[in-house]
Each structure stands twice: as structure tokens, then as C-alpha cells.
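Enquirer: Take a look at this one; I'll ask things after.
Nothing in this text is a laboratory measurement; each read-out follows from the coordinates by a stated rule. Worth saying up front: this structure is predicted, and the values here are computed from it rather than measured. Counting neighbours? That spans all protein chains shown, and the Cβs are built from the backbone with ideal geometry, glycine included.
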Amino acid sequence: MTEKTLFASNTLTEHLLRGAVGIGALIWAVSIAREHPVASLGLGLLTLVALRGCPTCWTIGLVEAVLRTAVRWRGARE
């Protein structure tokens, strides 16, 4: 098994689900910011937790997750 990384999830599916939650929370936070600023800040915090930082951090993790998945598939085929 490959080593743990700071950004990537254990599986590609888990990483994509975290991204969907994070992006969804970000969109929701922006859409309600004027009417509910405190709730918007809470959703912003949820976004940071789900993405494990900024969207760039999530993207780095996506690349790592894809590479880890490719290594596992290659190992299983050999």
C-alpha cells in the first residue's frame, strides 16, 4: 500500500465526494451570504474542512489520489 499523504483521500471516490461536498457548500455559502452571513461563514468553514484547505489543496490531492489509484491498478495487474 502507498504511504499516507496530507491532501489525498484513501480512495478516489472518497476524494471526489469530499470535493462535491466542499464545492456545494461553497456555492451555498456565497448564495446566502447577504441574508445569512453567520450561516455563510459556517458553510465556508465546512468548505475548508471538506477540501482540506483551499481548492488548490483539493486539486493537489486529486492528482495524488489518481496517481495512487493508478499504482494500485498497475500492481494488481502484475
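Enquirer: Considering region 22-32 alone, what residues qualify as being under 14 Å from VAL49 (Cβ atoms) and exposed (fewer than 15 other Cβ atoms within 10 Å of the Cβ)?
Expert: GLY24, the sole residue that qualifies.
Enquirer: Follow-up. Within region 27-78, count every residue that is within 21 Å of THR5 (Cα to Cα) and of a type in the set (Ser, Thr, Tyr).
Expert: 4
Enquirer: Contact list please: Cβ distance under 7 Å, first residue in region 56-78 and in contact (Cβ under 8 Å) with a residue 12 or more places away in the chain, second residue β-branched (Val, Ile, Thr) and assigned to a loop (DSSP other than H, G, I, E, B), pairs at least six apart or on different chains.
Expert: From residues that are in contact (Cβ under 8 Å) with a residue 12 or more places away in the chain, the pairs are GLU64/THR5; ARG68/THR2; VAL71/THR2.
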